[in-house]
Amino acid sequence: MSAPILSLSGVTKSYPRGGMLGSLFGAREPVLALDDVSLDVMAGDVVGIVGESGSGKSTLAQLAVGLTRPTAGTIRLGGEDLGLLMRDHAGPWRRRIQMAFQDSSSALNPRKSVGRCLDETLALAGVDRAARTGEAAALLGRVGLGAEMLPRLPHELSGGQRQRVGLARALAMKPDVLIADEPVSALDVSLQAQVINLLGRLTGELGLTLLFISHDLALVRALCRRVIVMRKGRIVEEGPCLQVLEAPRHDYTRLLLSAVPKGIEGRRRPPDRTSNPEFPRP
Ligand SMILES: Nc1ncnc2c1ncn2[C@@H]1O[C@H](COP(=O)(O)OP(=O)(O)OP(=O)(O)O)[C@@H](O)[C@H]1O
Ligand SMILES: [Mg+2]
């Protein structure tokens, strides 16, 4: 059997409650954002990560890309210790795992135009100068944006546009592993579908390994082969996506599924006012 591309073993992350001030003023229990999590992701896996707000999904993502260090446990990328890889800034692995952030407004430098941001990222990825402008426009096209976005600054974009620029930048690195933290939450349903289709294509055609964090179980079901259910910093259930979502074994997964509003399957269509008694004709 081949080795996992990303592997977490007994990973715990705790934060002092109330940040630095909290730790100064009282020795209260720290927040256990991640509690002894072990997880293997194989190359080409498309893994959905679901769970209530505060369950540790973003923390797991930040640890996996090396933005923060675990309090305990080890994380391996391509079989190598992430802590050691991150010390070596030139290490290719730094580029091979990318994250598209939940909060795209803080992820983009407010003083850099979209074009400059993509250009710098493409330069880091080794694309030569002559090819970069064309490639930046092509990346924007992939996420449903036009080349007219290139001169714009982040504050001149809508939330959904910023989110897609963040995704384009992550893709510019041509990563092996992409961690997408709520990458479509600010998009309307047609753009959501477009980005989900793009991610589906990238995983299918290029063998991109994807960790897809979402509150939207319908999107997870459409995109992912495997799903992980998190609660209070722990993985409470995992397995093939359809199996977990159709026949959950854990009470919490059932609760999460039952919390999906009725009729969500049909929410991509506008309400049918002619046949649905809940939407009578005006
Ligand atoms: N930098 C931090 N300092 C202190 N506590 C933090 C920090 N980051 C996260 N936490 C806490 O860790 C827990 C897990 O947070 P995390 O952001 O991973 O949740 P999440 O599952 O991504 O939630 P959401 O669905 O709302 O994005 C929460 O209780 C959160 O308050
Ligand atoms: Mg989060």
State all residues of segment 201-218 that are touching a residue at least 60 places away in the same chain (Cβ under 8 Å), within 16 Å of ligand 1 (Cβ to nearest atom) and open to solvent by 10 Å² or more (accessible area, probe 1.4 Å); if no residue qualifies, say none. His215, Leu217
Looking at the structure I just gave you, is Val46 more than 11 Å from ligand 1 (Cβ to nearest atom), in contact with a strand residue (DSSP E or B) (Cβ under 7 Å, 6 or more places away or on another chain) and modelled with pLDDT of 95 or more? yes
What pairs come out if I take residues in segment 250-262 that are polar (S, T, N, Q) and pair them with residues that are at pLDDT 90 or above and open to solvent by less than 90 Å² (accessible area, probe 1.4 Å) whose C-beta lies under 6 Å away, six or more apart or interchain? Thr253/Val229; Thr253/Glu237
Name the residue that is surrounded by the fewest Cβ atoms within 10 Å (Cβ to Cβ), counting only residues in segment 1-21 that are polar (S, T, N, Q) and at pLDDT 85 or above. Ser9
Filter segment 154-166 down to the residues that are open to solvent by less than 50 Å² (accessible area, probe 1.4 Å) and not in a helix (DSSP H, G or I) and list them by number. Leu157
Can we say Leu191 is over 25 Å from Ser7 (Cα atoms) and in contact with a helix residue (DSSP H, G or I) (Cβ under 7 Å, 6 or more places away or on another chain)? yes
I'm trying to understand the selection: among the residues of segment 120-141, which are in contact (Cβ under 8 Å) with a residue 40 or more places away in the chain and not β-branched (Val, Ile, Thr)? Leu122, Leu124, Ala125
Candidate set from segment 233-254 (those that are open to solvent by 80 Å² or more (accessible area, probe 1.4 Å) and within 25 Å of Thr12 (Cα to Cα)); member that is nearest to ligand 2 (Cβ to nearest atom): Arg234
Can you pull out the residues in segment 170-191 that are within 16 Å of ligand 2 (Cβ to nearest atom) and at positive phi? Glu182
Single match in Val177, Val229 (criterion: within 15 Å of ligand 1 (Cβ to nearest atom), modelled with pLDDT of 90 or more and surrounded by 18 or more Cβ atoms within 10 Å (Cβ to Cβ)): Val229
Number of positions in segment 22-42 that are open to solvent by 70 Å² or more (accessible area, probe 1.4 Å) and modelled with pLDDT of 95 or more: 2
Which one is modelled with the lowest pLDDT, of the residues in segment 90-115 that are open to solvent by less than 20 Å² (accessible area, probe 1.4 Å) and within 13 Å of ligand 2 (Cβ to nearest atom)? Ser104
Just to verify a result, which residue in segment 53-75, among those that are open to solvent by less than 40 Å² (accessible area, probe 1.4 Å), of a type outside the set (A, V, I, L, M, F, W, C) and near ligand 1 (Cβ under 8 Å from one of its atoms), is modelled with the lowest pLDDT? Thr68
Scan the strands (runs of 3 or more DSSP E) fully inside segment 208-260 and keep the ones with 1 or more residues being over 13 Å from the mean Cα position of the chain (by Cα). 226-231, 234-240
Here are Thr121, Thr133: which of them is open to solvent by 80 Å² or more (accessible area, probe 1.4 Å), modelled with pLDDT of 80 or more and in contact with a helix residue (DSSP H, G or I) (Cβ under 8 Å, 6 or more places away or on another chain)? Thr133
Which of the residues belonging to segment 136-161 are modelled with pLDDT of 90 or more and among the basic types (Lys, Arg)? Arg152
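The values are calculated or read from the model by the stated rules, or taken from the named source; none is laboratory data. A quick note: this is a predicted structure, and the numbers were derived from the prediction, not measured. Counting neighbours? That spans all protein chains shown, and the Cβs are built from the backbone with ideal geometry, glycine included. Keep in mind that these areas ignore ligands, DNA and RNA; they rest on the heavy atoms of the full protein, side chains included. Shrake-Rupley method; radii C 1.70, N 1.55, O 1.52, S 1.80 Å.
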